[in-house]
Amino acid sequence: MKRTSRMLLILLAVLAMMAAACGSDDEAEAGGSEGTEAPGGTEAPSEGGEGASDAKAAFIMVAPIGDAGWNFMHNEGRLGAEEATGVETAYVDSIPEGSAEFDNAVQQFIDDGYNIIITTSFNYMDATEQFATDNPDVVFEHISGFKMNDTNFGNTFGRMYQPRYIAGMAAAAASETNRIGYVAAFAIPEVIRGINAFTLGAQAVNPDIEVEVVWTSTWFDPGVEGNAAQALIDNGADVLTMHQDSTATGEVATEAGATFIGYHSDMSAQVDAYLTAPVWDFTPRYTEILSSAAAGNFTPESFWGGIADGIVDIAIPDGSPVAAEMKEVRESIINGEFDVFEGEIIAQDGSAITDADGNLVVDLQDSFGNDIGAVGDALNDGILLGMSFFVEGVIGSAEG
Amino acid sequence: MRLRLERRDRPLRGGQVRAFVVGVLIAFAVGAVLLVLSGHNPFEVYQKMLDSSFGSWRGLSTTLTQAVPLGLAGLAVAVAGSMGLWNIGAEGQIVAGAIGAAWVARLGPDLAGPLLIPLMLIAAVAAGGVYALGPALARSRLGVNEIITTLMLNEVAIRIVRYLQNGPWKDPTANNFPVTPELPAQAALPDLFERSNIGLLIAAAVILGFGVYTARSAWGYELRVAGSSADAARYAGISLKAKIFTVLVLSGAIAGLAGGIELTGSSSRLVEGVGGGYGYAGIIVAALALMRPSGVAAVAVAFGAVQVGGLAIQTTGVPASIANTLQALILFGALAAGVFGNYRVVRTAAAAPAGATA
């Protein structure tokens, strides 16, 4: 026992000495990069890399970046923004939520002179807010949350329901059984909104379409998600889609000879049955954040962008019989002529939610019973963000 | 010619230190090859690892903060391990401790910090102990293997958090995201220096206290006797059943404390990942400390430094896969060294029967 402690002490002493020897010059470096903000008031950097600014951006991801899915798309966005702005970027992945490791990673980046920190998982939100308070000279952007401040902390998310609507059109055209299976993660407004938009899009092509939903209570669990997908196939679905981070649903679709609509990224390389997918593209948004932060004129906002902003989109499959209609809808969403949730909306039980003008005919509450809309209100963002009901044609419970 | 391991009559004196240093050095050398092959300068990378973990007050404080849950989890495993029991469930007990602490915060959100924090930590200790009750009873009364029961309960603990955040403890202000509410601000452990909070002092007191107590007291001696020979223990009048029960519950309680300190120290709300893998890392810490509570503190600090350094080099562009491989190499080198302190490699004739080489 004494021997063990002694040898560890010796090792520690050696390590400490080496660290002390190496430490001094590195600290000098770190000191040099402190407080060297980009001069304010310059014009916004043009595309193509200025490289003159001292801005450095760091990205924190919750899981390995892999080759498809949420974290992969953030890394694509990072690379795209780096190329567009010339701002140096770095990332760490596999950082668990609510852990000291997240704090360590962010602090390490800040100590290394990074002055833009982008955190890409929901439960990073509180810690990011705290760092923003403690480091007023660093710009923070949190993805998929709702907190922000007035100076150096904003949030970003996308109106994924827009491409979901178009994906629903493609799905309906591909279905012969008039039944589409939807493997869904959690019964939260984001997912419910996507299911409703998808269903409305499908019904725009074929009013008889039904969309069956199975909840997995997972974001990434290929086993559970594959089983859910199989259950939907067994119930007669011949098109599957999902709101998850794995491609398990696609693999089941391939095996069953069904059609697969993906999510997050182009999954044609991974899934044979792949038709198309609503996808994220963080490059435009990250380019905007990096260039404004580098120019010293970052303004925090609660950014909820759509297809028009480039943060979400969908590839129109050329072979689809409704390709022309999908293109048309995409264009009219971009130029603001069409909104996914406009006009009359009927709830799952057949009762009306909105009239033909898109105004509520019932009072709406979120899943906690908080009021989110009263009779006569337009179906605004507040209602979308608290959406807790299914539209007609969805099979399953919106309560999860 | 075949090689086989033969137990030394007695552990090598200077040999063990040598083996340990050589083991870690070999790991660094292999790691250097890996780094060169992936296009990184190993000297820069190792310098960054050292600098980030020990090179400044902030680095040292980060390392020590990381060592807190590692050390407590390692102690939990080592306390059980010193009497030959395997508590693989520290991860779940950490989560249970965090649930217990979060529950107190729900019950008394308006209590003053100096009252609330101790209550949360006491609840964490109790919850960790209670979570180990089942395996402790099953092992001591029925002889059910504690490795299986404690391991399986890890997954259960995470599911309980998932249930709480999707159901009864769901935060009504979180835009319907399935998360538990934020803890009250006064539930955060007060800062000590740089990135460390007073959880460091609590953990140090518990780990060092247990180290001295198990090494010096009759209780600790009985533990080791029971661990090395059940018959000898019985002959000496030690009640094995009671001992097994107490030690497993104690082990769970220590892990529970780690959960309480993690929740109050570095988390703003109870989340699924609160265990952070520390329960599993604690098994490695305990193994490196040769299952002796007195060795846990030093190992935890060294392990914490490796983790902090491993993360820091990722911020300089070393991919997580390489950084994790490096960490694993260092730990493996250190663990393997422990073996060569007690065993030596001997050659045997090729003609030796296969059975002899087992």
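Every read-out reported here was derived from the displayed coordinates using simple, explicitly stated rules and does not represent laboratory data. In this text, all values refer to a predicted model and were calculated from it rather than measured experimentally. Cβ: placed from backbone, ideal geometry, glycine included. Neighbour counts: every protein chain shown.
Some notes on this structure:
- Beta bridges per DSSP, both residues in the protein assembly as shown: antiparallel share near 30 percent.
- Averaged over the residues of peptide B:197-207, the number of Cβ atoms from other protein chains lying within 10 Å of each residue's Cβ is 0.
- Computed over the stretch B:66-306, relative contact order equals 44 percent, with contacts defined as Cα pairs under 8 Å that lie 6+ residues apart.
- Residues considered: A:Trp280, A:Trp70, A:Trp219. Largest GNM mean-square fluctuation over chain A, using C-alpha springs under 10 Å, is found at A:Trp219.
- Shown in residue order for the stretch A:298-303 are the 3J(HN,Hα) couplings computed by the Karplus curve 6.51 cos²θ - 1.76 cosθ + 1.60 at θ = phi - 60°: 5, 10, x, 8, 9, 8 Hz (x for Gly and Pro).
- Straight-line cross-link partners of A:Lys147 among the lysines, defined as a Cα under 28 Å from its Cα and at least 8 positions apart when in the same chain: A:Lys56, B:Lys170.
- Residue-wise HN-Hα coupling along the stretch A:340-347, computed from phi with Karplus coefficients 6.51, -1.76, 1.60 (Hz; x: Gly, Pro): 3, 9, 7, x, 6, 10, 9, 6
- The angle between the Cα long axis of helix A:323-334 and the longest principal axis of the Cα atoms of chain A comes to about 60 degrees, rounded to the nearest 10.
- Taking Cα centre as origin and charging only the Cβ of basic (Lys, Arg, +1) and acidic (Asp, Glu, -1) residues, the dipole magnitude of the stretch B:66-306 rounds to 620 debye.
- Ranking B:Ala112, B:Ile99, B:Gly199 by how far each Cα lies toward the positive end of the dipole of the stretch B:94-210 (charges on Cβ) leaves B:Ile99 at the top.
- Amide H contacts of A:Phe303 (H built 1.01 Å from N, under 5 Å, at least 5 apart or other chain): A:Asn155, A:Thr156, A:Phe157
- FRET efficiency for the A:Asn178 to A:Asn149 pair, using the beta carbon distance and R₀ = 51 Å, is estimated at 0.55.
- Computed over chain A, the quotient of the alpha carbon radius of gyration and 2.2 N^0.38 Å is 1.12.
- Residue-count net charge about A:Gly154 - beta-carbon cut-off 15 Å; Lys, Arg +1, Asp, Glu -1: -4
- Taken residue by residue and averaged, Cβ atoms of other chains lying within 10 Å of the Cβ of A:87-94 number 4.
- Charge tally in the Cβ shell below 13 Å around A:Ala58, where Lys, Arg are +1 and Asp, Glu are -1, A:Ala58 excluded: -4
- Protection proxy ranking, peptides A:230-242, B:70-82, average beta carbon neighbours within 10 Å, highest first: B:70-82, A:230-242
- For the protein assembly as shown, with +1 on Lys and Arg beta carbons and -1 on Asp and Glu, the positive-most of A:Val183, B:Pro184, B:Ala136 along the dipole: B:Ala136
- Chain A: angle of helix A:189-205 to the longest principal axis, Cα-based, in degrees nearest 10: 40 degrees
- Remark: the protein assembly as shown carries a charge dipole of roughly 6800 debye about the Cα centre, counting +1 on each Lys and Arg Cβ and -1 on each Asp and Glu Cβ.
- Taking amide H as placed 1.01 Å from N in the peptide plane, the amide H of A:Ile314 sits under 5 Å from that of A:Val279, each at least 5 places away or on another chain.
- Take A:260-266, A:131-137, B:227-233 and order them by the average number of nearby Cβ atoms within 10 Å per residue, most first; the result is A:260-266, A:131-137, B:227-233.
- A simple packing score, the average count of other Cβ atoms within 10 Å per residue, orders the peptides B:58-67, B:169-178 as B:58-67, B:169-178, with the highest score first.
- For the stretch A:97-109, the Karplus equation 6.51 cos²θ - 1.76 cosθ + 1.60, evaluated at θ = phi - 60°, returns couplings of 6, x, 10, 5, 4, 4, 4, 4, 5, 5, 4, 4, 4 Hz by residue, with Gly and Pro reported as x.
- Proximity of backbone amide H atoms, modeled 1.01 Å from N, is registered between A:Asp221 and A:Asp245, A:Ser246 at under 5 Å, excluding neighbours fewer than 5 places apart on the same chain.
- Under 12 Å, Cβ to Cβ, from A:Ser144 - net charge with Lys/Arg +1 and Asp/Glu -1: -2
- Each of A:Ala356, A:Asn206, B:Tyr280 was scored by the projection of its Cα onto the charge dipole of the protein assembly as shown, and the greatest displacement toward the positive side belongs to B:Tyr280; charges sit on the C-beta of Lys, Arg, Asp and Glu.
- Overall dimensions of the stretch A:156-232, expressed as equivalent-ellipsoid semi-axes from the Cα gyration tensor (√(5λ), whole Å, largest first), are 20, 17, 9.
- Approximate shape of the protein assembly as shown as ellipsoid semi-axes (Cα gyration tensor, √5λ), whole Å, largest first: 49, 31, 26
- Crossing angle, helix A:2-33 versus chain A [Cα axis fit, 0-90 degrees, rounded to tens]: 80 degrees
- Ratio of Rg to Rh for the stretch B:66-306: 1.00 [Cα atoms; Kirkwood radius as inverse mean 1/r over pairs].
- Overall dimensions of the stretch B:193-300 by Cα: Rg and Dmax, Å: 16.0, 52
- Charge dipole (debye, nearest 20) of chain A; +1 at Cβ of Lys and Arg, -1 at Cβ of Asp and Glu: 1060 debye
- Spatial separation of Cα centroids for the stretch B:76-98 and the stretch A:335-391, in angstrom: 51 Å
- Average other protein chain Cβ within 10 Å of Cβ, residues B:267-276: 6
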